[in-house]
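The values are calculated or read from the model by the stated rules, or taken from the named source; none is laboratory data. For clarity, every value in this text was computed on a predicted model and none was experimentally measured. Using ideal geometry, Cβ is built from the backbone for each residue, glycine included, and neighbour counts are taken over all protein chains shown. The accessibility values were calculated without ligands, DNA or RNA, using every heavy atom of the protein model including side chains. Shrake-Rupley method; radii C 1.70, N 1.55, O 1.52, S 1.80 Å.
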Amino acid sequence: MYQPEGAAVNALDATHTQAERNAGMTGLVLALDQGTTSSRAIVFDRSGTPLAAGNRAFEQMFPRPGWVEHDPETIWRSQMAAARDALGSATTARVTALGIANQRETTLIWDRLTGEPIHNAIVWQDRRTTSACDALKAAGYEPDIRQRTGLTIDPYFSATKIRWLLDTVDGARDRAKRGTLAFGTVDTWLVWRLTGGRVHVTDVSNASRTMLLNQHTREWDDDILRELRIPRSLLPEIVASSGVVGHTQMEYLDVSLPIAGVVGDQQAATFGQGCFDVGMAKQTYGTGSFMLMNVGTRPRQSEAGLLSTVAWRLDGETTYALEGSSFAAGAGVQWLRDELGIISTAAETDDLARSVESTGDVYFVPAFVGLGAPHWDARARGALVGLTRGTGRAEIARAVLEAVAYQTRDVLEAMERDAAAPLAELRVDGGMVENEFLMQFQADILNRRVARPAVAETTASGAAYLAGLATGVWHDVEDIRANWRLDRAFEPRMSVGDRERLYRRWQQAVDRSRSWAEEAAE
């Protein structure tokens with residue numbers, strides 16, 4: 001049984017004890033990196049070096065075309081197993097704080113008393129609320145939603161997922177009105193469980209991905225809640241990204257650690273990449289790919305199909321970012337491996353892509369669950385075009401990798417239009433940055449320098465840094481900036497003619513994928 005919230009929630013005070021600060025000066029930080037396909041945990045030292053890690057993959061569920069779900073209990077168990085693996089390899093006594101980075105927008109609702117979820121988690125990729133989003137747009141809500149939240153109306157975000165759960169799960173709406181249910185993204189779920197049900201919070205970066213946060217006031221927007229019929233009592237308290245919100249229960253990790261950093265995974269990677277100055281940008285290649293640019297302490301409304309989002313809140317100051325999200329990057333490689341069976345490991349795609357001079361004019365559009373920024377077409381679907389009898393597994397594998405780079409150019413060009421300034425360098429991270437072919441092709445198609453850091457675990461390191469800043473492991477962002485080290489820079493070497501010809505054909509392929517799913521299931 002979970003303990004109900006009450007007086008014990010003085011943990012919301014975003015301060016830390018002097019003892020915690022003193023311990024932090026020589027301590028280690030445990031970061032939980034709860035992702036879309038796996039749960040990871042990494043222990044970092046003061047130099048930002050990973051010392052120990054755990055990693056557990058978990059099942060993806062696709063109950064209908066366009067629907068994606070996770071079992072909340074599997075998320076929890078896999079994350080705790082990964083954390084115990086990491087702590088078992090480290091000197092647990094020296095770990096002084098815990099930070100959390102998480103897949104964003106993924107939506108959970110559970111019973112406040114028992115902690116039992118009312119439904120599987122609806123994953124950020126899920127498209128089941130496409131028709132509901134279309135209805136909101138048709139009713140004219142899009143401009144107001146964009147102005148208030150910085151987001152476009154799309155099934156990607158949590159708001160319409162919450163409404164779907166309240167409307168679909170038997171008795172859920174009545175229970176929500178009575179205040180017996182709790183909503184959270186994955187960060188909220190983990191904090192709730194780690195604190196034994198005492199703390200119901202989300203940080204402002206995750207809140208900004210729900211389509212319910214007013215980005216100007218940084219509070220839940222009552223007008224949007226009223227329109228979507230979402231009770232405010234369902235929602236968590238909004239806290240800063242850095243600050244102690246509670247302590248872990250001994251039974252889970254065999255140690256009570258202050259939970260001192262909570263942040264969405266893409267914002268965490270931006271922080272971990274040291275993008276502290278206005279105009280700095282990073283791209284993360286995971287299941288999807290996500291580019292964020294620091295735009296300073298005031299939100300920047302996009303005119304080019306990007307999102308305005310909170311990057312983090314630290315020391316009383318909020319930093320904002322422009323973001324471009326592509327829904328499938330590594331997911332395309334997983335498709336080659338798991339559904340087509342033409343590779344055994346993701347690493348094989350590097351050699352396969354290099355084994356042919358080109359794709360033979362074959363293009364792959366990875367719109368498995370629609371197109372994200374800057375297109376925002378929830379009804380687009382994946383396309384493989386230009387096939388001939390001579391097309392083989394090498395050409396297809398190369399096309400899948402090239403598609404990741406083309407999507408990045410789509411986003412970068414939109415970002416440069418919004419920022420009214422060219423980007424000199426793109427910092428990159430995520431599992432796919434080990435693919436040398438992809439990184440060189442990315443530099444070529446962008447005509448920009450691509451910088452790969454020595455420590456690729458930037459999502460986990462960002463969560464660790466935010467937790468360590470709250471507990472004295474690091475003094476300020478200058479300590480963290482000094483930790484960033486370059487592994488390799490990829491410089492563009494493709495001719496202008498080839499670059500523009502290839503990109504023009506990509507745009508034609510994208511056009512062929514648009515609006516394919518005419519009737520998305522509601």
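Measuring from a point 7 Å past the Cα of Glu491 along Cα-to-C-beta, which residues in region 429-453 have an amide N at less than 19 Å?
436-453
Have a look at the DSSP beta bridges in region 108-264 and tell me what percent are antiparallel, nearest 5.
Restricted to region 108-264, the bridges split so that about 75 percent are antiparallel.
Work the Kirkwood hydrodynamic radius out for the chain: mean of 1/r over every pair of different alpha-carbon atoms, inverted, in Å.
Final number for the Kirkwood radius of the chain is 23.0 Å.
How much FRET efficiency would the formula 1/(1 + (r/R0)^6) give for Asp479 and Val255, where r is the Cβ-Cβ distance and R0 is 25 Å, rounded to 0.05? Before the final figure, lay out each step's value.
Details: r = 25 Å, r/R0 = 0.99.
The calculated FRET efficiency here is 0.50.
Could you list which residues have their amide H under 5 Å from that of Ala383, counting only those 5 or more apart in sequence or on another chain, with H placed in the peptide plane?
Distant-sequence amide H within range of Ala383: Val365, Ala367.
What does the accessible area per residue of region 431-522 come to in Å², with a 1.4 Å probe and no ligands, DNA or RNA counted?
Working: 4150 Å² over 92 residues.
Here the per-residue accessible area is 45 Å².
If you roll a 1.4 angstrom probe over the protein chains with everything in place, what fraction of the accessible area of the chain belongs to carbon and sulfur, to the nearest %?
Taking all protein chains in place, the chain shows 47 percent carbon and sulfur surface.
Relative contact order for region 133-231: what percent, with Cα pairs under 8 Å and sequence separation of 6 or more?
Working: 87 pairs, mean separation 29.9, N = 99.
Computed value for region 133-231: 30 percent relative contact order.
Count the DSSP beta bridges whose two residues both fall in the chain, then state the antiparallel fraction as a percent rounded to the nearest 5.
Bridges in the chain are about 70 percent antiparallel.
Any idea how far the Cα center of region 186-250 sits from the one of region 462-480, in Å?
22 Å
Select from region 49-80 those GluC sites (Glu not before Pro) which occupy a DSSP coil region and have at most 16 other Cβ atoms within 10 Å, ordered by residue number. If you can, show how the numbers build up before the last one.
Values: sites: Glu59, Glu69, Glu73; in loops: Glu59.
For GluC sites (Glu not before Pro) across region 49-80 that sit outside H, G, I, E and B with at most 16 neighbouring Cβ atoms in 10 Å, the list reads Glu59.
How big is region 142-191 by Rg and Dmax over its Cα atoms, in Å?
Cα-based Rg and Dmax for region 142-191 come out at 13.1, 34 Å.
Working with all protein chains in place, sort Thr287, Thr217 by solvent-accessible area computed with a 1.4 Å probe, largest first. Can you show the working numbers first?
Numbers: Thr287 20, Thr217 80 Å².
Per-residue accessible area, sorted high to low, gives Thr217, Thr287.
In the chain, if the dipole is taken from +1 on Lys/Arg beta carbons and -1 on Asp/Glu beta carbons about the Cα centre, which of Pro50, Leu108, Ala517 is farthest to the positive end?
Ala517
Relative contact order, percent, of region 337-496 when contacts are C-alpha pairs under 8 Å separated by at least 6 residues?
19 percent
So, in nm, how far is label Ala420 from label Ala304 when the simple model puts each one 7 Å beyond its Cα toward the Cβ?
My value for the distance between the label points is 1.3 nm.
Relative contact order, percent, of the chain when contacts are C-alpha pairs under 8 Å separated by at least 6 residues?
Reported as a whole number, the value is 17 percent.
Quick one: what do you get for region 107-254 if you divide its Cα Rg by 2.2 N^0.38 Å?
Ratio of Cα Rg to 2.2 N^0.38 Å: 1.04.
Could you state how much accessible area Asp223 has, in square angstrom rounded to the nearest 10, with a 1.4 Å probe and all protein chains kept in place?
My reading of the accessible area for Asp223 is about 70 Å².
Only helices at least 20 Å long along their own axis, judged from Cα atoms, and with Kyte-Doolittle mean hydropathy of -1.0 or greater: name those in the chain from DSSP H.
Numbers: long enough: 72-89 (26 Å, -0.41); 393-419 (39 Å, -0.20); 496-513 (26 Å, -1.63).
Passing helices, by number: 72-89, 393-419.
Pick out, in residue order, every one of the GluC sites (Glu not before Pro) in region 247-317 that is DSSP loop and has at most 11 other C-beta atoms within 10 Å; say none if there are none.
Within region 247-317, the qualifying GluC sites (Glu not before Pro) (loop, at most 11 other Cβ atoms within 10 Å) are Glu303.
Beta carbons within 10 angstrom, averaged per residue: use that to sort the peptides 46-54, 480-488, highest first.
Per-residue Cβ counts within 10 Å, averaged per peptide and sorted highest first, yield 46-54, 480-488.
Using modelled backbone amide H atoms (1.01 Å from N, in-plane), which distant-in-sequence or interchain residues come within less than 5 Å of Met61's amide H?
Amide H neighbours of Met61: Glu69.
Each residue of region 280-291 in order: what ³J(HN,Hα) in whole Hz does its phi give by Karplus 6.51 cos²θ - 1.76 cosθ + 1.60, θ = phi - 60°, with x for Gly and Pro?
Each residue's phi maps through the Karplus curve to give 7, 9, 9, 10, 10, 10, x, 4, x, 10, 9, 10 Hz.
Using the charge dipole of the chain (Lys, Arg: +1 at Cβ; Asp, Glu: -1 at Cβ; taken about the Cα centre), state which of Ala421, Gly196, Gly274 has its Cα farthest towards the positive end.
Result: Ala421, furthest along the dipole toward the positive end.
Using 1/(1 + (r/R0)^6) with R0 = 22 angstrom and r between the beta carbons of Glu413 and Arg514, what's the FRET efficiency to the nearest 0.05?
0.75
Accessible area per residue for region 136-273 in Å², computed with a 1.4 Å probe and the full protein assembly in place, what is it?
Ligands and nucleic acids excluded, the result is 29 Å² per residue.
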